[in-house]
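The values are calculated or read from the model by the stated rules, or taken from the named source; none is laboratory data. Predicted model, so just to flag it, every value in this text is computed and none were measured. Cβ atoms come from the backbone with ideal geometry, glycine included; neighbour counts cover every protein chain shown.
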Amino acid sequence: MNECITPTTNHFSPTASLAAIGVKLNQQDLFGPIRTNVHIKQKTVKHTPADKLYDAWISLLAGAHGLVEINTRLRTDPGLQRAFGRSACAEQSVVQETLDACTADNVTQLQQALDEIFRRHSQSVHHDYQARFLLLDVDISGLPCGPKAAFATKGYFAGQYHRRGRQLGRVLATEYAEVVVDRLFAGNVQLIKALQPLVEAAEETLQLDEAKRARAILRVDAGAGTLDDLNWLLSRGYEVLAKEYSGQRVLRLAKTVTEWVQDPDWPERSFGWVTEPPTNYVRPVERIAVRCRRQDGTFAYGVLICSLSAEQVLAMLGRTILQAVDPVAVLAAYVTFYDLRGGGIETSLKGDKQGLGLTKRNKKRFEAQHMLVLLGSLAHNVVIWARQWLMSPPIQRCGILRMVRDVFHISGLLRFDALTHVVEIVLNQDACLARSLIHPLRELLTPLHIVASLGET
């Protein structure tokens, strides 16, 4: 009898769709650079320190908003563990101990490992600088925490006065929605202090030489709109779009506007050219004053500073170059280009807070918190890359929250062969996104010799 019968085992998983992504990531050995480069001084009993970091990271993709949820979202789901290449899962308290054992050197090692992963898998690393500019958004966002945590100081936390916490600095490759750099700072650090280390870290990650910097746009808010910061960026060759930092200077420049033009899309807003020459900048810039009417009838003012020409801004917005002869269209283009920052880095930070629980996991030790922040940035990028793999219109419209909550949480049956390799994934056909997901999953998993179905006969 020449037939070979291979026994199989079945596991029900509430995150069968995430298990499919896990198989792909395991096949790519995505976490390999972290296992190789991050050396935490902690003895191995059942699980290595790298394995425990891996468990913490998988739990983020599984929707855990606290490390304690490792026990309920991952440890109770052996099918998901095996799909990601794990034969067992560490207990949450053991994972916490590993994070608490991390040092500043481990943080640096993880940053270097993430750079290696990013260069292997990201789209922004392979951006075509000849064809178009690379748009990078830079911002900082508050992470409130307990007052006894390291570097938890009073600072700006939106809507939370007298609160203590830390600050997360981020550089986002906006066109690709990829996090290039995440760095953790003390709670009293503002973007004016964080800008240069964030940009320098992004240059290292993206390997930006002089030619590439000349084809990159840095878009920042007023927190980095000082003369020194903008001149530093301009002297390094970047194009900039920023908001003026000084409130007094804004009021003075707004008075030089000779003609205010009403925003065609927002009746309460108007804008106009600043006529005072920008002599203090190391390269030519354009300045546009913007005013918005408050409820009490007075105006709030701001000034945009941009080194791009009108034609370049119109091209970035996908508009015809013929509009460059229309002064109203040009003014509106500059202001709209800055407005789109809200749908870039601000949306990414909000999505990570809601979908990945960015503000829910607080560690007392600064290095432990920094490790969690870096694992979160990797989780963000994996969600973005997974959305690219699953080329289905309903999936492409999903943000971070819906990807984690809905796309990754389609239940189903996972079948494994005798070597614990996934051979079939059967999704719950009654799940609302299952039919939109099944065809992209088949294209993703067929090269790996894995069958994806809805269990239909």
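With the requirement that a residue be assigned to a loop (DSSP other than H, G, I, E, B) and not β-branched (Val, Ile, Thr), what does the range 397-423 give you?
Once the filter is applied, which keeps residues that are assigned to a loop (DSSP other than H, G, I, E, B) and not β-branched (Val, Ile, Thr), the range 397-423 yields ARG397, CYS398, GLY399, ASP406, SER411, ASP417, ALA418, LEU419, HIS421.
Being in contact with a Phe, Trp or Tyr (Cβ under 9 Å, 6 or more places away or on another chain) and closer than 20 Å to LYS353 by Cα: is that true of ARG170 here?
For ARG170, the condition - in contact with a Phe, Trp or Tyr (Cβ under 9 Å, 6 or more places away or on another chain) and closer than 20 Å to LYS353 by Cα - is not met.
Can you name the residue in the range 405-457 that is among the charged types (D, E, K, R) and closer than 22 Å to GLN27 by Cα and is also modelled with the lowest pLDDT among such residues?
Among residues in the range 405-457 that are among the charged types (D, E, K, R) and closer than 22 Å to GLN27 by Cα, the one modelled with the lowest pLDDT is ASP417.
Could you tell me whether PHE151 is surrounded by fewer than 20 Cβ atoms within 10 Å (Cβ to Cβ) and on the phi > 0 side of the Ramachandran plot?
Considered against the rule, which asks whether it is surrounded by fewer than 20 Cβ atoms within 10 Å (Cβ to Cβ) and on the phi > 0 side of the Ramachandran plot, PHE151 comes out as yes.
If I go through the range 120-137 residue by residue, how many of them are more than 22 Å from GLY318 (Cα to Cα) and surrounded by 15 or more Cβ atoms within 10 Å (Cβ to Cβ)?
The qualifying residues number 3.
Please determine whether any residue of the range 160-167 is farther than 22 Å from THR103 by Cβ and of a type in the set (Phe, Trp, Tyr).
Within the range 160-167, one or more residues are farther than 22 Å from THR103 by Cβ and of a type in the set (Phe, Trp, Tyr).
Which one of these is surrounded by fewer than 18 Cβ atoms within 10 Å (Cβ to Cβ) and in a loop (DSSP other than H, G, I, E, B): SER87, SER93?
After ruling out the rest, the residue left standing is SER87.
Is there a residue in the range 363-379 that is touching a residue at least 24 places away in the same chain (Cβ under 8 Å), acidic (Asp, Glu) and surrounded by fewer than 17 Cβ atoms within 10 Å (Cβ to Cβ)?
no
Considering only the range 130-139, I want to know if a residue exists there that is in a loop (DSSP other than H, G, I, E, B), closer than 30 Å to PHE337 by Cα and either basic (Lys, Arg) or touching a Pro at 6+ places or on another chain (Cβ under 9 Å) (or both).
Yes: the range 130-139 contains one or more residues that are in a loop (DSSP other than H, G, I, E, B), closer than 30 Å to PHE337 by Cα and either basic (Lys, Arg) or touching a Pro at 6+ places or on another chain (Cβ under 9 Å) (or both).
Failed condition for VAL313, given (1) in contact (Cβ under 8 Å) with a residue 24 or more places away in the chain; (2) over 30 Å from the mean Cα position of the chain (by Cα), with all others met?
Exception for VAL313: condition (2).
So, ILE70, is that one surrounded by 21 or more Cβ atoms within 10 Å (Cβ to Cβ) and within 22 Å of the chain's Cα centre (by Cα) or not?
No; evaluated as a whole, the condition is false for this residue.
Does SER436 satisfy the condition of being polar (S, T, N, Q), crowded, with 20+ Cβ neighbours inside 10 Å, outside the structural domain of ASP182 (by TED's automatic domain parsing) and in contact (Cβ under 8 Å) with a residue 12 or more places away in the chain?
no
Please give the number of the condition ARG249 fails out of (1) farther than 25 Å from SER124 by Cα; (2) within 31 Å of the chain's Cα centre (by Cα); (3) part of a helix (DSSP H, G or I).
Against the list (1) farther than 25 Å from SER124 by Cα; (2) within 31 Å of the chain's Cα centre (by Cα); (3) part of a helix (DSSP H, G or I), ARG249 comes up short only on (2).
Those residues that are touching a residue at least 24 places away in the same chain (Cβ under 8 Å) and either surrounded by fewer than 21 Cβ atoms within 10 Å (Cβ to Cβ) or polar (S, T, N, Q) (or both), I need them from the range 161-183; list them, please.
GLN167, THR174, GLU175, TYR176
Could you pull out the residue among ASP55, ASP29, ASP105 that is buried (at least 19 other Cβ atoms within 10 Å of the Cβ) and among the charged types (D, E, K, R)?
Going through ASP55, ASP29, ASP105 in turn, the sole match is ASP55.
Going through the range 256-295 one residue at a time, which ones are touching a Ser or Thr at 6+ places or on another chain (Cβ under 9 Å), assigned to a strand (DSSP E or B) and touching a residue at least 60 places away in the same chain (Cβ under 8 Å)?
VAL261
Wholly within the range 325-396, which helices (runs of 4 or more DSSP H) include no fewer than the required count, namely at least 2 residues that are of a type in the set (Gly, Ala, Ser)?
Per the criteria, 327-339, 345-355, 366-389.
Residues of the range 393-405 being farther than 25 Å from SER141 by Cα and either buried (at least 19 other Cβ atoms within 10 Å of the Cβ) or within 14 Å of the chain's Cα centre (by Cα) (or both), which ones?
ILE395
Looking at the structure I just gave you, is ALA20 over 24 Å from the mean Cα position of the chain (by Cα), among the aliphatic types (A, V, I, L, M) and buried (at least 18 other Cβ atoms within 10 Å of the Cβ)?
In short, no.
Taking the stated definitions as given, is GLN196 closer than 18 Å to ASP352 by Cβ and either in contact with a helix residue (DSSP H, G or I) (Cβ under 8 Å, 6 or more places away or on another chain) or part of a strand (DSSP E or B) (or both)?
When the stated conditions are applied, GLN196 does not pass them.
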